[in-house]
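Novice: Below: one structure in structure tokens.
The values are calculated or read from the model by the stated rules, or taken from the named source; none is laboratory data. Since the model is a prediction, treat every value here as computed from it, not as a measurement. Note that we place each Cβ from the backbone using ideal geometry, even for glycine, and neighbour counts take in every protein chain shown. Protein only, heavy atoms only, side chains kept; ligands, DNA and RNA dropped before computing areas. Shrake-Rupley method; radii C 1.70, N 1.55, O 1.52, S 1.80 Å.
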Amino acid sequence: MVLKGDSCLLNGRKPFFMPEGASEIGMTPCLILRVSRLGKEIAPKFADRYYDAVSPGADFIAMDKAREAQQQGKPWTQALTFDYSLAIGEWTEVKSEGMKELMSELILSPEEAIVEASRVMTIRQGDLIYIQAKQAPRLVQKEEIIRVTIDGEDKLYCKIK
């Protein structure tokens, strides 16, 4: 589990700027859950009651910093939790057909993520839980556009600068 502070959030179609000192930036698609109520050690059968909206996201990682940390046996924190390292799209209802398709590509279901997060910490209304896709990070290039379209609408749009 990775905890990201609010300085990591990139909202509202703002561009992603490559961070200073990082030469290789990878991106993994993800789904972000918006927690709607307080909970601790939530039972799986009740987990769907603890989030009210979802958004597609793009989780950025400084690949060169991650390799360096791994080689030195250090935590990957600076490779994962830098400013604006998690782009968030527009919030949408969970029941959307396009959203169901996106959910099939995740390492955990939203309910599993709620259960796992609530085992180690109390989740609160307004918290965000992000779930990575099954695919490995891919390198992004300057001027590339990250776009996720769901049910005919752009729900995530982020230009790499």
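Novice: Report, by chain and number, residues whose modeled amide H sits under 5 Å from the one on Tyr84, excluding near sequence neighbours (fewer than 5 apart, same chain).
Specialist: Cys8, Leu9
Novice: Let me ask another. Working only with C-alpha atoms, what are the Rg and Dmax values of the range 29-139, expressed in angstrom?
Specialist: Spelled out, the Cα radius of gyration and Dmax of the range 29-139 are 14.9, 44 Å.
Novice: About its Cα centre, what dipole magnitude does the chain give when the only charges are +1 on Lys and Arg Cβ and -1 on Asp and Glu Cβ, stated in debye to the nearest 20?
Specialist: Details: 22 positive and 24 negative charges, 59 e Å.
The calculated dipole for the chain is roughly 280 debye.
Novice: Would you mind computing, in nm to one decimal, how far apart the modelled labels at Gln71 and Gln125 are, each placed 7 Å from Cα along Cα→Cβ?
Specialist: 4.9 nm
Novice: If you roll a 1.4 Å probe over the range 67-161 with all protein chains in place, what percent of the accessible area is carbon or sulfur?
Specialist: Values: 2780 of 5960 Å².
After summing per-atom areas, the C and S share lands at 47 percent.
Novice: Another one. Say R0 is 25 Å: what FRET efficiency, to the nearest 0.05, do Lys14 and Leu139 get from their beta-carbon distance? Don't skip to the answer; put the middle values down first.
Specialist: Values: r = 21 Å, r/R0 = 0.83.
The value I calculate is 0.75.
Novice: For the range 1-113, what does the accessible surface come to per residue with a 1.4 Å probe? Please give it in Å².
Specialist: Working: 6320 Å² over 113 residues.
With all protein chains present, the range 1-113 gives 56 Å² per residue.
Novice: Oh, and also: Are there trypsin sites (Lys or Arg not before Pro) in the range 54-137 that DSSP marks as loop and that have at most 13 other Cβ atoms within 10 Å, and which are they? Before the final figure, lay out the partial values.
Specialist: Numbers: sites: Lys65, Arg67, Lys95, Lys100, Arg119, Arg124, Lys134; in loops: Lys95, Arg124, Lys134.
Answer in residue order: Lys95, Arg124, Lys134.
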